Amino acid sequence: MKVLISEEQLQQGISEMANAINARLDNQPLTVICVMTGSIILVADLIRQLTMPVKLGSVHASSYRGATDRGNLDLDTSMLPDLKDANVLIVDDIFDTGHTLHAVTQHMNSLGVASLHTAVLLYKHGRQELELDVDFIGFEIPDEFVVGYGLDYQGIYRNLPYVGVMEHEDLSANEEA
């Protein structure tokens, strides 16, 4: 596995993202929505650097079924707090095709939020199927299958402290295991 973004680079990028969020949202109370499960580590690190009062909620979004191909998106919103008139920041691990963030954004807008912002750790170039402006981006990456720092392959590798590229040999080894 090749390291794409080191642990040190991740922490620097998250600090820069937090600073941008703090500057733009100017100490307004904020409800941060964690898109589970991939963004859980990012959200934990990010909210500790936010200076405004923060509430936390989550949605569970899943579209991968144990492989690298996208399937139908399942969205579970049962863990959301009341968002009527709230300032909301949706935090996701990766902007790939755009389907997940688009669906979550549409759902949040239907709940009567006062403002809605989006943040992603990774913005993958070349895979977008939907246009969506992301407010805060940690890193822009090439079109490669990545794991670590919350991102997984078949449920594993989320615990890596860096973002790594799954190379062909890695995929083959996991398929044989």
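Things to note:
- Complete set of residues in the range 149-163 that are touching a residue at least 40 places away in the same chain (Cβ under 8 Å) and either surrounded by fewer than 17 Cβ atoms within 10 Å (Cβ to Cβ) or under 20 Å from LEU46 (Cα atoms) (or both): TYR149, GLY150, LEU151, ASP152, GLN154, GLY155, ARG158, PRO161, TYR162, VAL163
- Any hit, the range 100-121, residues being on the phi < 0 side of the Ramachandran plot, surrounded by fewer than 20 Cβ atoms within 10 Å (Cβ to Cβ) and in contact with a Gly (Cβ under 8 Å, 6 or more places away or on another chain): no
Let's see how each residue does on (1) surrounded by 15 or more Cβ atoms within 10 Å (Cβ to Cβ); (2) at pLDDT below 95:
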| site | (1), (2) |
| --- | --- |
| GLU8 | no, no |
| ALA23 | no, no |
| VAL43 | yes, no |
| ILE47 | yes, no |
| THR51 | no, no |
| HIS60 | no, yes |
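- THR31 hydroxyl-bearing (Ser, Thr, Tyr), out of contact with any Ser or Thr (no Cβ under 9 Å at 6 or more places or on another chain) and surrounded by 13 or more Cβ atoms within 10 Å (Cβ to Cβ): yes
- Set THR105, THR97, THR77, THR118: member being over 19 Å from GLN28 (Cα atoms) and either touching a Ser or Thr at 6+ places or on another chain (Cβ under 8 Å) or modelled with pLDDT of 95 or more (or both): THR105
- Residue count for the range 26-41, restricted to those that are at pLDDT below 95 and in contact with a helix residue (DSSP H, G or I) (Cβ under 7 Å, 6 or more places away or on another chain): 0
- Highlighted here are the strands (runs of 3 or more DSSP E) found entirely within the range 1-97 that include at least 2 residues which are charged (D, E, K, R) and in contact (Cβ under 8 Å) with a residue 12 or more places away in the chain: 70-76, 87-95.
- So ALA103, is it in a helix (DSSP H, G or I), among the hydrophobic types (A, V, I, L, M, F, W, C), over 19 Å from GLN11 (Cα atoms) and out of contact with any Asp or Glu (no Cβ under 8 Å at 6 or more places or on another chain): yes
The values are calculated or read from the model by the stated rules, or taken from the named source; none is laboratory data. The structure displayed is predicted, hence computed values, not measured ones. Virtual Cβ from ideal backbone geometry, glycine too; neighbours counted across all protein chains shown.
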